[in-house]
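Peer 1: Could you have a look at this structure, given as structure tokens, before my questions?
The values are calculated or read from the model by the stated rules, or taken from the named source; none is laboratory data. The structure displayed is predicted, hence computed values, not measured ones. Ideal geometry is used to build each Cβ from the backbone, glycine not excepted, and the neighbour counts take in all protein chains shown.
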Amino acid sequence: MTYSTTSDEGKDLAEEQVTHRDPVAMKQATGRLVSALAESGWPRMPALVFCALLSSDAGGLTSAELTESLGVSSAAVSHAVRYLADLNLVDRERQPGSRRELYRVRNDIWRASIERGLRSLARTEDALRESRDVLGEETPAGRRVAGALAFYEFYRQQVSGLVDGWDEQKRSLEA
């Protein structure tokens, strides 16, 4: 995979560094990341497109650029981008003066993804609470549901703490 960057301003230091990257090492590293995401449950094509966007120095790529650099069909890119956009992992932007869309991975994507997960956990907790109340905590089924609820509450609290810790870490890194 080769990811190109385009600039109207000529070469600056960052662009010069990009040209000195080992393309074989880049391909291997990206391939390992795609494989890791696929092994964790991501569909392969969205993983491939996500990695291309994530590793793009340009900050975003068009469908045509993704199709060309990945050597896949435009339909495959379209489906992958739709999948990623539905999960709020990719933003779509219109290029000024063009009908073409630029696809980007937001810098805060990880935090936003975790926050979505926390909201989903809270909804699950509400449903478990309702089930526990309907079943009755004194019944075997009610106790099982109460156990699941306790785990979800604990898990959500721990993840919330991690997000808060990340915010502190990020502030210290930016200082």
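Peer 1: Would you pick out the residues in region 58-77 that are farther than 15 Å from residue 34 by Cβ and either surrounded by 15 or more Cβ atoms within 10 Å (Cβ to Cβ) or in contact with a strand residue (DSSP E or B) (Cβ under 8 Å, 6 or more places away or on another chain) (or both)?
Peer 2: The answer is 58, 59, 60, 61, 62, 63, 65, 67, 68.
Peer 1: Tell me, which residue of region 1-39 that is surrounded by fewer than 10 Cβ atoms within 10 Å (Cβ to Cβ), within 26 Å of residue 84 (Cα to Cα) and of a type outside the set (S, T, N, Q) is modelled with the highest pLDDT?
Peer 2: So the residue we want is 39.
Peer 1: Separate question: State all residues of region 53-74 that are under 15 Å from residue 101 (Cβ atoms) and either polar (S, T, N, Q) or part of a helix (DSSP H, G or I) (or both); if no residue qualifies, say none.
Peer 2: Residues satisfying the conditions are 53, 56, 62, 63, 64, 65, 66, 67, 74.
Peer 1: Would you confirm, using the coordinates I've provided, whether residue 106 is among the charged types (D, E, K, R) and assigned to a helix (DSSP H, G or I)?
Peer 2: no
Peer 1: Sort out which residues of region 75-97 are closer than 18 Å to residue 113 by Cβ, outside any loop (DSSP other than H, G, I, E, B) and not basic (Lys, Arg), and write them in order of number.
Peer 2: Of everything in region 75-97, those that are closer than 18 Å to residue 113 by Cβ, outside any loop (DSSP other than H, G, I, E, B) and not basic (Lys, Arg) turn out to be 80, 81, 83, 84, 85, 86, 91.
Peer 1: Against the definition (surrounded by 15 or more Cβ atoms within 10 Å (Cβ to Cβ), without any contact (Cβ under 8 Å) to a residue 40 or more places away in the chain, in contact with a strand residue (DSSP E or B) (Cβ under 8 Å, 6 or more places away or on another chain) and assigned by TED's automatic domain parsing to the domain that holds residue 100), how does residue 81 come out, yes or no?
Peer 2: yes
Peer 1: Something else now. List every residue pair whose Cβ atoms lie under 6 Å apart, where the two residues are 6 or more positions apart in sequence or sit on different chains, the first residue falls within region 141-155 and is touching a residue at least 12 places away in the same chain (Cβ under 8 Å), and the second residue, located anywhere, is not in a helix (DSSP H, G or I).
Peer 2: So the pair list comes out as 146/137.
Condition check ((1) in contact with a Leu (Cβ under 8 Å, 6 or more places away or on another chain); (2) within 23 Å of residue 86 (Cβ to Cβ); (3) aromatic (Phe, Trp, Tyr)) across all residues:
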residue	(1), (2), (3)
113	yes, yes, no
118	no, yes, no
133	no, no, no
136	no, no, no
142	yes, no, no
158	no, no, no
161	no, no, no
171	no, no, no
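Peer 1: Additional query: Kindly indicate whether residue 115 is assigned by TED's automatic domain parsing to the domain that holds residue 52, within 28 Å of residue 52 (Cβ to Cβ), assigned to a helix (DSSP H, G or I) and of a type in the set (D, E, K, R).
Peer 2: no
Peer 1: I want to confirm something. Restricting to region 147-175 and keeping residues that are part of a helix (DSSP H, G or I) and among the small types (Gly, Ala, Ser), which single residue is farthest from residue 121 (Cα to Cα)?
Peer 2: 172
Peer 1: Return the only residue of 128, 135, 162, 149 being among the aliphatic types (A, V, I, L, M) and modelled with pLDDT under 95.
Peer 2: When all the criteria are applied, what remains is 162.
Peer 1: Right, something else. Does residue 86 qualify as being in the same structural domain as residue 49 (by TED's automatic domain parsing), of a type in the set (D, E, K, R) and either within 20 Å of residue 166 (Cα to Cα) or surrounded by 13 or more Cβ atoms within 10 Å (Cβ to Cβ) (or both)?
Peer 2: no
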